[in-house]
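Step one of this worksheet: look at the structure below.
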Amino acid sequence: MAIASTRAKELLCSRGSSLLWRLSSSWLRGGLGMAREEFPGANCTGRRMETIHSDASGASDHFKVAVVGAGPAGLAVLSTLLDVGTDSILWIDPHFNAGRLSTYTEVPSNTKVKLFQQYVTTSPSLNRYASQALAQFDSQDPDRGCSLGLAVRMVKTLTDSIRQHDMNRVRCSESFVKELRFQDGKWHLDSGEVVDQVYLATGSAPSKYRSVKGVQDIDLDLALKPSALPDIVSESDSVGVVGSSHSAMLALRNLVECKVRPKKIINFYRSPLLYAQYMDNWILYDNTGLKGEVAEWAKEEVDTGNLEAKEIVTRICVKGRSLDEQLELWRGCSKLIQAVGFSRNALPKIVINGEELMNVEYDPLNGRIADGLFGYGIAFPEQTTDPRGNRELAVGLWKFMRYARETVSKHSLHLS
Ligand SMILES: Cc1cc2nc3c(=O)[nH]c(=O)nc-3n(C[C@H](O)[C@H](O)[C@H](O)COP(=O)(O)OP(=O)(O)OC[C@H]3O[C@@H](n4cnc5c(N)ncnc54)[C@H](O)[C@@H]3O)c2cc1C
């Protein structure tokens with residue numbers, strides 16, 4: 001796979017009046033790229049369709065809506081549907097455990113606490129559980145970041161509360177959707193349910209270029225866990241960190257601050273660090289620039305050349321080098337962390353009137369994939385345009401909520 005550019009690689013194509021955005025194999029800047037990758041839970045055996053709540057009318061296999069995924073985006077879609085009065089919703093996820101966010105409990109947020117609070121208070125359905133869900137933010141400065149662990153707790157509390165108290169409107173299924181079939185104006189799930197609309201909020205996972213023989217890959221998720229690193233690296237290691245995104249800087253900082261610091265830490269980067277800039281009422285490079293405490297650290301330690309002067313980190317610019325040339329450089333490391341974006345998880349097989357949809361494209365202004373099928377969250381992010389005309393893909397809890405409120409309510413008008 002060719003190295004993708006540091007900007008979102010996008011292919012904009014028009015079909016009728018709608019703007020379709022086909023995400024290319026990688027979207028790097030900001031560490032949030034997309035490419036197909038196997039879903040880690042895809043090896044769940046068989047069809048584990050475990051219905052854990054029934055709706056008030058008893059077992060039914062017809063629902064108005066199915067929401068696939070219970071990460072922050074799935075929860076934003078679900079709560080919006082509840083807020084607009086949708087009364088029969090099937091919510092599906094194998095884990096119901098705050099999605100991928102639950103992996104990042106040791107990561108400092110790049111968004112302010114007040115945006116997590118806003119995620120809850122904006123939705124009346126979520127706001128009912130605000131006292132419990134937001135309690136952990138009481139001692140936090142709303143204008144600063146916090147540990148993502150607090151946001152994980154928030155999403156889990158909200159999810160558990162809905163599962164417990166909204167079962168008359170939401171039936172939860174701990175399962176994995178493998179296939180969606182559109183026929184006779186309805187969507188049919190492989191588990192047998194029939195629905196009018198499907199919202200996919202199926203998330204993404206870190207992407208990788210290639211592995212290099214003799215160089216051990218360190219999973220990005222582990223590199224983002226300071227408590228795990230001392231068991232993974234040793235003082236005799238030369239560890240490479242590929243990328244200059246938020247995730248790359250987090251991994252770099254974790255290595256530098258690790259109590260077992262490798263003898264060599266090398267950062268391979270293609271473009272200079274980019275920082276988000278707070279303007280009057282908006283943020284320049286909101287989704288692509290570094291933000292929060294990692295940005296402060298990178299500005300002080302990396303950009304000033306401090307860490308290089310102290311011979312703790314070596315930075316090597318690989319701009320213009322082919323992937324093969326970069327692989328050659330990586331061979332000098334004993335271990336490698338690739339922080340090169342995020343990839344859309346494998347989607348369920350989608351079959352429309354007997355024909356499989358091979359290239360899943362979506363409208364980045366409203367999430368539409370096909371009739372009655374929509375995509376949300378990091379797998380199908382909204383495209384935003386800032387006052388300077390820069391286009392970005394918007395990822396973050398509050399952005400998912402704002403976008404869901406703008407668009408899901410319109411889609412739901414088509415429900416009978
Ligand atoms: C390092 C890092 C730092 C971040 N920091 C912040 C921050 O400070 N603030 C912020 O707001 N955001 C932050 N984010 C972004 C944000 O939290 C994540 O991108 C978010 O978890 C994505 O949410 P999602 O719901 O789209 O997907 P996910 O969280 O990936 O959830 C997808 C869910 O779908 C389920 N699923 C997938 N396929 C199927 C299927 N076929 N059937 C059933 N279920 C399925 C999965 O089990 C999973 O639960 C950060 C992200 C990263 C990587």
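The values are calculated or read from the model by the stated rules, or taken from the named source; none is laboratory data. The structure presented is a predicted model; accordingly, all values stated were derived computationally and were not measured. Heads up, the Cβs are rebuilt from the backbone with ideal geometry, glycines too, and the neighbour counts pull from every protein chain shown. Ligands, DNA and RNA are excluded from the accessible area calculation, which covers all protein heavy atoms including side chains. Shrake-Rupley method; radii C 1.70, N 1.55, O 1.52, S 1.80 Å.
Values computed for the structure shown
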quantity	calculated
Virtual spin-label span in nm between D371 and L413, 7 Å along Cα→Cβ	1.9 nm
Partner lysines for K410 [C-alpha distance under 19 Å; skip if fewer than 8 residues away on the same chain]	K64, K186, K399
Of all accessible heavy-atom area on the chain, the percent that carbon and sulfur account for (1.4 Å)	47 percent
Cα gyration tensor category, rounded, prolate or oblate, for the range 267-382 with a/c compared to 1.5	oblate
Longest exposed-site-free window of the chain, the sites being GluC sites (Glu not before Pro) in a DSSP loop that have at most 12 other C-beta atoms within 10 Å	39-234
Exceeding the 29 Å Cα-Cα cut-off - candidates K156/K263; K114/K264; K264/K319	K156/K263; K114/K264
Whole-number accessible area per residue in Å² for the range 106-241, which is evaluated in the context of all protein chains at 1.4 Å	41 Å²
Charged-residue dipole, Cβ positions (Lys, Arg, Asp, Glu), the chain about Cα centre, Debye nearest 20	620 debye
Separation between Cα centres of the range 231-264 and the range 73-142, rounded to whole Å	32 Å
Estimated translational D of the chain in µm²/s (Stokes, Kirkwood radius over Cα pairs; 25 °C; 0.890 mPa s)	110 µm²/s
Per-selection Rg to Rh, the range 220-305 - Cα, Kirkwood hydrodynamic radius	1.02
Distance between modelled label sites at E293 and K225, nm, 7 Å Cα→Cβ extension	1.9 nm
Beta bridge orientation in the chain: antiparallel %, DSSP, nearest 5	45 percent
Cα lying deepest toward the dipole's positive end in the chain, options G372, A298, G149, charges on Cβ	A298
In Å², nearest 10: area of H95 left accessible to a 1.4 Å probe	110 Å²
Estimated distance in nm for a label pair at N359 and R388, the labels positioned 7 Å out from Cα along Cα-to-Cβ	3.2 nm
Sites E257 and H95, calculated FRET efficiency, Cβ-Cβ separation with R0 30 Å, nearest 0.05	0.45
Relative contact order (%) - criterion: Cα under 8 Å, at least six apart; region: the range 323-416	15 percent
Percent RCO, i.e. relative contact order, over the range 236-359, from Cα pairs under 8 Å lying at least 6 residues apart	34 percent
Gain on full stretching of the segment that runs from K310 to D160 - 0.36 nm per residue minus C-alpha separation	49.2 nm
Axial C-alpha extent at least 20 Å, average Kyte-Doolittle at least 0.0 - helices from the chain (DSSP)	148-165
